[in-house]
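Here's the structure we're looking at; comments come further down.
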Amino acid sequence: MKVNEKIRMVRETHNWSQEDMADKLAMSTNGYAKIERGETGLHLDKLEKIAKVFDMDLVELLSVSDKSVICLVNENSTNSSNYYGSSQELTAEIEKLKLTLIHKDELLSEKEREIKTLQTLVEALQVKK
């Protein structure tokens, strides 16, 4: 994914139009559209402004690779969007952590069953007294 494609994708996750972005960057809509189409060179100062508008680090905006994973999360709201980018290594780590969580949940369920059994035994012993 090229930087101009990433800029467009992040803008869309915020549900902003090209006009909105142009206003935020104090430039013409046509000029901003050229950025998204990759028809104009991006200087460091313009990239910094774009990153600031997106509330992200410049490095994050520029970190683009073929191994990137893009995940868009919308929670029943047109105004609620999150953007995540990660490499294949991070994706593998996430999967590993998910499996660890599943295992922890199973252990927790087992412990809850043991606690209920022990509570039943305690109640039975208290009744015998």
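All of the numbers you see were taken from the coordinates with simple rules; none came from a lab. Not measured: the values here are computed from a predicted model. Virtual Cβ from ideal backbone geometry, glycine too; neighbours counted across all protein chains shown.
Scanning the stretch 14-27 for residues that are farther than 16 Å from residue 47 by Cα and in a loop (DSSP other than H, G, I, E, B) turns up 14, 15, 16, 17. Just so you know, in the stretch 33-46 the residues that are in contact (Cβ under 8 Å) with a residue 24 or more places away in the chain and part of a helix (DSSP H, G or I) include one that is farthest from residue 21 (Cα to Cα), and it is 37.
Of all residues being of a type in the set (Val, Ile, Thr) and in a helix (DSSP H, G or I) in the stretch 47-66, which is farthest from residue 23 (Cα to Cα)? Just the residue, please.
To start, the set of residues in the stretch 47-66 that are of a type in the set (Val, Ile, Thr) comprises 50, 53, 59, 64.
Keeping just the survivors that are in a helix (DSSP H, G or I) gives 50, 53, 59.
On the way: 50: 12, 53: 11, 59: 23 Å.
Top of the filtered list is 59.
Quick one: in the stretch 13-45, of everything that is in contact with a Leu (Cβ under 9 Å, 6 or more places away or on another chain) and surrounded by fewer than 15 Cβ atoms within 10 Å (Cβ to Cβ), which residue is nearest to residue 62 (Cα to Cα)? Lay out the reasoning, then the answer.
At the first step, the residues of the stretch 13-45 found to be in contact with a Leu (Cβ under 9 Å, 6 or more places away or on another chain) are 13, 31-32, 35, 44.
Narrowing further to those that are surrounded by fewer than 15 Cβ atoms within 10 Å (Cβ to Cβ): 31, 44.
Values: 31: 20, 44: 11 Å.
Here the answer is 44.
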